[in-house]
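Remarks on the structure that follows.
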Amino acid sequence: MFIGQHENKIDAKARLSIPADFRKVIDQGHQDREPGTPATFLLVFGDERTPYLEGMTLARLKKITKQIRRMPKSDPRRNQLEEAIYEKSQQLVLDDTGRIVLPARGRDKLGISANDTVVFAGRGDSFRLWKPDAHATATERPPADPAIDYDPDRDPMDYLDGDEDDEE
């Protein structure tokens, strides 16, 4: 799982080192690749609503693809998901030192250039990238929603229920 928060700088050639523990997750999430080939992952650029980029393993992408395919083609939610996952994303390859070249589209969205710092934030089955000063926006809590018993001031651990062994 992607856990923790790390900061790395982007270099003059737009290279960004992926944190070592995140590289391990990316590697484990791409086990069906040819032996000796580098691991790849998906970087989702998102739209104007998200002030971050989101990375996920190819194993996670396969699970999402199965969920999308179960939705009717006429469902507007499917269309939005397909756009986000397949159009507004790019597969990236880790080099032999665990770096990527952050695409211009991602640099532009985050407003970063050479020697700027990027925050990597674990989200369990994915991770987010953002510029440190965008952190408040990236973690902003939505307003309360009584229909789903959501209170932004409540301890989020209170929302966990059921048996921990229910999931993988």
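The values are calculated or read from the model by the stated rules, or taken from the named source; none is laboratory data. Every value quoted in this text rests on a predicted model; they were computed, and no experiment measured them. Here Cβ is always computed from backbone atoms with ideal geometry, including for glycine, and neighbour counts include all displayed protein chains. Note: areas computed on protein heavy atoms with side chains; ligands, DNA, RNA excluded. Shrake-Rupley method; radii C 1.70, N 1.55, O 1.52, S 1.80 Å.
Observations on the structure shown:
- Labels on offer are (1) 11.9; (2) 14.1; (3) 9.2, and the one holding mean projected area of the Cα convex hull in nm² computed from this structure is (1).
- Ellipticity estimate at 222 nm from DSSP helix runs (n ≥ 4, -39,500 (n - 2.57)) divided over the chain, nearest 500: -6000 deg cm²/dmol
- Most positive-pole-ward Cα, Gly124, Leu94, Gly46, against dipole of the chain from beta carbon charges: Leu94
- For the chain, the solvent-accessible area works out to 65 Å² per residue, with a probe of 1.4 Å and every protein chain left in place.
- The chain, accessible surface, carbon-and-sulfur percent (1.4 angstrom probe): 48
- Measuring nothing but how far apart in sequence close Cα pairs (under 8 Å, 6+ apart) lie, relative to its length, the chain scores a relative contact order of 32 percent.
- For the stretch 32-80 versus the stretch 91-117, the gap between their alpha-carbon centres in whole angstrom: 18
- Violating pairs (Cα-Cα greater than 27 angstrom) within the set Lys73/Lys131; Lys9/Lys63; Lys66/Lys88; Lys24/Lys63: Lys73/Lys131; Lys9/Lys63
- Inter-label distance for Arg69 and Asp95, nm, one decimal - labels placed 7 Å from Cα along Cα-to-Cβ: 3.5
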